[in-house]
């Protein structure tokens, strides 16, 4: 599997000299199977740039998997250029939250008076599915899910192909203030022996007490999950909108020191917009 990050910022997109390294676009990942089939994860503002790239590449069939429908994860959808092409076939899979399916969510955000072009006028073939509880396959990739600890709910994903595994758990509160989702031990089991764990790390350990129950984790909590699950690579995600590049670098250094104290041989980094790697 090949991963390309198009957005790793949380809550709201940002721009400025202090965010040039890690970027300001919100949650959007491109995952390619070994046969080059495209799986998009989340529709944050990073989806706009991905759409421009896909338009020039001629890609026309793909899946979009949604974690949940808070603004920072959906606001790129109306600006995804392939939606306006009759050659595009898009399969959207996401959880049913507050009685809303993926199609009903995206239809509503493009409705009058919020957007000038309505969902029903899109030229692409769009198929919507409610996320199943059981595992399923997209192309050659096995997809497993679990509920997240986040206000309103959400879905985490485990992708496996050719013996390699990627875990994506954003907007997930590992601390005791987390609402809904699973018991902590179930997250450890879900992440067991993964090659890469991308996890929410919106807060520092010092900031977390004031943000308890908001649905996001402290970086140190992600470190302990990675160590207990025995993952090979921890990648911090959903960066706080006010967090500068220099501050994210220091946060990564802190996490690496914590891993060293835990005697955990785990690579640690912060996922940046534009990052690409093979899993």
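The values are calculated or read from the model by the stated rules, or taken from the named source; none is laboratory data. All figures in this text were calculated on a predicted structure; none of them were measured in a lab. Ideal geometry is used to build each Cβ from the backbone, glycine not excepted, and the neighbour counts take in all protein chains shown.
A single entry from 251, 225 fulfils the requirement of being in a helix (DSSP H, G or I), under 18 Å from residue 183 (Cα atoms) and over 16 Å from the mean Cα position of the chain (by Cα): 225. Residues of the stretch 215-244 that are surrounded by fewer than 17 Cβ atoms within 10 Å (Cβ to Cβ) and either free of Cβ contacts under 8 Å to residues at least 12 places away in the same chain or over 18 Å from residue 189 (Cα atoms) (or both): 241, 242. With a requirement of 3 or more residues that are under 17 Å from the mean Cα position of the chain (by Cα) and either modelled with pLDDT of 95 or more or over 25 Å from residue 167 (Cβ atoms) (or both), the strands (runs of 3 or more DSSP E) lying completely within the stretch 50-156 that satisfy it span 61-65, 89-94, 141-147. Being within 19 Å of residue 233 (Cα to Cα) and either surrounded by fewer than 17 Cβ atoms within 10 Å (Cβ to Cβ) or at pLDDT 95 or above (or both) is a description that does not apply to residue 176.
Can you find a residue in the stretch 235-244 that is at pLDDT 95 or above and assigned to a helix (DSSP H, G or I)? Within the stretch 235-244, none of the residues are at pLDDT 95 or above and assigned to a helix (DSSP H, G or I).
Pairs under 6 Å by beta carbon, first residue in contact (Cβ under 8 Å) with a residue 60 or more places away in the chain in the stretch 59-84, partner part of a strand (DSSP E or B), six or more apart or different chains? Note: pairs meeting the criteria are 63/39; 63/91; 63/138; 65/41; 65/93; 66/94; 67/155; 72/26.
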